[in-house]
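The structure appears below as structure tokens.
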Amino acid sequence: MRRTTFKFLGTGLTGLGIAGAFLPILPSTIFFILAAACFARSSPELEKRLLGHPVFGPPVLAWRDHGAIPAKAKILALCGMIFGYAMFYLTVRPGLWLALLVAVFMTGSAIYVLSRPSGPDDNGPNCPE
């Protein structure tokens, strides 16, 4: 039952990731990262297929191995956050406190994305001692 649940979740998360690849506001990589984690617990074959995918696999492996977010993905994420906040602000017309709360959340998210390494070399030098 547990394996079936994780396989079902992984499949749904993969679907969301694919949708996110085509929809500008919906992220994709986070869904593939979560799908890979689900498949690791339920279906090694599906995990291998996802990690081996030429487009979706490398960002998942970069995150899994180094906690890294590629520079291009950082730029896209930040642009998406700015666009998302602008759409929120212009369409909802929130009050001051809600606008500030959402801005703080978005800023914190942006800081987190920017604080992640862009690749394995950003983790600092590996000096054998």
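The values are calculated or read from the model by the stated rules, or taken from the named source; none is laboratory data. Just so it is clear, the structure is predicted and the values come from calculations on it, not from any experiment. All Cβ positions, glycine included, derive from the backbone under ideal geometry; neighbour counts span all protein chains shown.
Observations, loosely collected:
- The range 12-26, residues that are buried (at least 16 other Cβ atoms within 10 Å of the Cβ) and in contact (Cβ under 8 Å) with a residue 24 or more places away in the chain: Leu13, Thr14, Gly17
- Hey, Ser118 over 26 Å from Thr5 (Cα atoms) and crowded, with 16+ Cβ neighbours inside 10 Å or not: yes
- Residue check, Leu76 in a helix (DSSP H, G or I) and free of Cβ contacts under 8 Å to residues at least 24 places away in the same chain: yes
- Tallying residues that are farther than 24 Å from Leu34 by Cα and either under 16 Å from the mean Cα position of the chain (by Cα) or outside any helix (DSSP H, G or I) (or both) within the range 83-109 yields 3.
- The residues of the range 27-63 that are part of a loop (DSSP other than H, G, I, E, B) and crowded, with 16+ Cβ neighbours inside 10 Å, listed by number, are Pro27, Ser28, Ser43, Phe56.
- Index of the failed condition, Arg93 passing every other in (1) assigned by TED's automatic domain parsing to the domain that holds Ser115; (2) among the basic types (Lys, Arg); (3) closer than 24 Å to Pro120 by Cα: (3)
- The residues of the range 106-129 that are farther than 20 Å from Trp63 by Cα and modelled with pLDDT under 95, listed by number, are Met106, Cys127, Pro128, Glu129.
- Qualifying residue in the range 69-87 (condition: of a type in the set (Phe, Trp, Tyr) and not assigned by TED's automatic domain parsing to the domain that holds Gly108): no
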